[in-house]
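Encoded as structure tokens, the structure appears first; notes follow it.
The values are calculated or read from the model by the stated rules, or taken from the named source; none is laboratory data. Bear in mind the structure is a predicted one, so any value in this text is a computation, not a measurement. Note: ideal-geometry Cβ built from the backbone for every residue, glycine included; neighbour counts use all protein chains shown.
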Amino acid sequence: MGLERLFDPRSIAVVGASRNPRKAGNIVLRNLLEGSRARIYPVNPKAEEILGLRAYPDLASVPERVDLVISVVPAAPSVEVVRQAGELGIPFAVVLAGGFRETGPEGARLEEELRRIAKRTGIRIVGPNCVGIYVPRTGLNTIFIPREKAGYPPGGRIAFVTQSGAMGVLLMDRASREGWGFSAFVNLGNRVDITEVEVLEYLAGDEETRSIALYLESMADVASLRDLAPRIVGEKPLLLLKGGRTSAGNRAAASHTGAMATNVGIARGFSRQMGIHWVEDEMEMLLGAQVLASQRPLEGDRIGIVTSAGGAGVVASDLLEAAGFSVPELSAETQERLREVLVPFASPRNPVDMTAEATDEQYDRVIGILQESGDVDGLLVFALPQTAFITEALEGVIKRWHEEGPKPTVFVTIGGDYSASMKRRLRAAGVPVLDDIASGVAALRLLRERYAFLSKVKRSRAYSGAK
């Protein structure tokens, strides 16, 4: 059975739905009613109506066999909810409650009972100890955080799969503020049944998803992931942030999701071998996923820098060379073309420093010259709107070169509220403008790595076809 009806259910029962607006059962119901296109059935034996919907005493009383049950009751009652759902032939359940393996022997016993129910009845389970799933395009939202306290991202091109619910919610809140869109969010929790492997396989075939960000503290099924990863990375970038890299992190993971963290050396080596991008922190993961979802891979190491602030170009040059890139001096022919565009005291050498006299048209023409030049393989452009001659027309320049430029181009905007508003508009239009110099360099590193991964996949497929 595929996961289509988990991500796009036609009907949903919320067991533990509540009339109390501060309880999770009310928040989940509200979040569903605000966006889901599914038919919603609150289940609560003590209520006749909740949020304008008729309530039912138990799952057997619901007038149809729903596609999805969301259990918002504590651990032990959740086991009984899943048992009843499985016996009714309901295909999917999301169990939000904690109190399972992560808490000790009694919780482990309850979790093992969930596993037995899934095996016996065929019901598929997300969780327990999770916040579940958020899919903007279908309106599915099982998360028990009210919208007035946390932002939920709009639809977009990256999927985020996480073992940690809190990490996921915090990053979704940040993504919403920054204007980054998600195709899907999945919190796996304790992974009693559905693991990252099945979710990744579903997302690999999802037309809305262009790249996948993955946070794991342990790997549930390394062998299956080894088989699946080459198929995924041949089509979509996959980024991994591994938690539990140290002894302290490992202890935290065990008390958090009940998982013993996979050895960091093994996980890193596995990622490199499989073509999975290994990232160091949560922002590199999300920013990298945005860039990889919308940029072509970088085929070489030569980077052209475009800036109106000389210092940004200097720091970028240092960071690029430290990361194994080169910032070559441009050819005499290219420099001559640039001099025709720039003010006399600007530098056409690389970095191309347009100075504070830069205009929207100069940005456009300088980027165009470097896109046509054989001197560089990719561009790092500091789009700085604070100077006197820059207008909102710069946004159109950035959009056009992002969409049409033959060479991968990473845009960075640094500053306060004024530049942040430009970034949000561009991100809403699908352009992943980054926040600082280091992020720009990290994005170029991922684009170069992506090219290497794809080349490896291509060679492997050619070898397999020749056998």
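For the range 139-153, the criterion of being in a strand (DSSP E or B) and either surrounded by fewer than 23 Cβ atoms within 10 Å (Cβ to Cβ) or touching a helix residue (DSSP H, G or I) at 6+ places or on another chain (Cβ under 6 Å) (or both) is met by at least one residue.
Give the range 306-322 a look and list any residue that's part of a loop (DSSP other than H, G, I, E, B) and closer than 15 Å to residue 379 by Cα, or say none.
308, the sole residue that qualifies.
Would you pick out the residues in the range 17-54 that are polar (S, T, N, Q) and closer than 18 Å to residue 132 by Cβ? Full working, then the answer.
Initial filter on the range 17-54 (polar (S, T, N, Q)): 18, 20, 26, 31, 36, 44.
Result: 18, 26, 31, 36.
When both residues are 6+ apart or on different chains and their Cβ atoms are under 9 Å apart, which pairs have a first residue that lies in the range 29-58 and is within 13 Å of residue 19 (Cα to Cα), and a second that is charged (D, E, K, R) and at pLDDT below 95? From the range 29-58, the pairs are 30/147.
Once the range 1-44 is narrowed to residues that are touching a helix residue (DSSP H, G or I) at 6+ places or on another chain (Cβ under 7 Å) and among the polar types (S, T, N, Q), the residue that is nearest to residue 84 (Cα to Cα) is 18. Looking across the range 5-28, the residues that are among the hydrophobic types (A, V, I, L, M, F, W, C), closer than 14 Å to residue 66 by Cβ and not in a strand (DSSP E or B) come down to 6, 17.
Restricted to the range 43-69, and to residues that are assigned to a loop (DSSP other than H, G, I, E, B) and of a type in the set (Lys, Arg), which residue is surrounded by the most Cβ atoms within 10 Å (Cβ to Cβ)? Explain how you work it out, then say what you get.
So the first thing to find is which residues in the range 43-69 are assigned to a loop (DSSP other than H, G, I, E, B), and the list is 44-48, 51-52, 55, 57-58, 62-67.
Pick out the ones that are also of a type in the set (Lys, Arg) and you get 46, 65.
On the way: 46: 8, 65: 13.
Checked the range 43-69; the qualifying residue surrounded by the most Cβ atoms within 10 Å (Cβ to Cβ) is 65.
Give the range 361-400 a look and list any residue that's of a type outside the set (A, V, I, L, M), buried (at least 22 other Cβ atoms within 10 Å of the Cβ) and in a helix (DSSP H, G or I), or say none. If the condition is that a residue be of a type outside the set (A, V, I, L, M), buried (at least 22 other Cβ atoms within 10 Å of the Cβ) and in a helix (DSSP H, G or I), then 362, 363 are the ones that fit. Scanning the range 405-415 turns up no residue that is modelled with pLDDT of 95 or more, outside the structural domain of residue 179 (by TED's automatic domain parsing) and in a helix (DSSP H, G or I).
Have a look at 287, 292 and point out the one that is part of a helix (DSSP H, G or I), at pLDDT below 95 and either on the phi > 0 side of the Ramachandran plot or hydrophobic (A, V, I, L, M, F, W, C) (or both).
When all the criteria are applied, what remains is 287.
Show the residue pairs that are 6+ apart or on different chains and have beta-carbon atoms under 6 Å apart, the first residue being within the range 384-409 and farther than 22 Å from residue 442 by Cβ, the second being polar (S, T, N, Q) and not in a helix (DSSP H, G or I). Every condition considered, the pairs that remain are 387/308; 389/359.
Name every residue in the range 70-90 that is among the hydrophobic types (A, V, I, L, M, F, W, C), in a loop (DSSP other than H, G, I, E, B) and within 19 Å of residue 144 (Cα to Cα), in order of residue number.
Restricting attention to the range 70-90, the residues satisfying the condition of being among the hydrophobic types (A, V, I, L, M, F, W, C) are 70, 72-73, 75-76, 79, 81-82, 85, 88, 90.
Narrowing the set further to residues that are in a loop (DSSP other than H, G, I, E, B) leaves 72-73, 88, 90.
Matches in the range 70-90: 72, 73.
If you go through the range 424-451 and keep only what is closer than 19 Å to residue 364 by Cβ and crowded, with 17+ Cβ neighbours inside 10 Å, you end up with 426, 431, 433.
Residue by residue, here is whether (1) outside the structural domain of residue 197 (by TED's automatic domain parsing); (2) without any contact (Cβ under 8 Å) to a residue 12 or more places away in the chain; (3) surrounded by fewer than 20 Cβ atoms within 10 Å (Cβ to Cβ) holds:
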position: 80; (1), (2), (3): yes, yes, yes
position: 85; (1), (2), (3): yes, no, no
position: 99; (1), (2), (3): yes, no, yes
position: 112; (1), (2), (3): yes, yes, yes
position: 119; (1), (2), (3): yes, yes, yes
position: 155; (1), (2), (3): no, no, yes
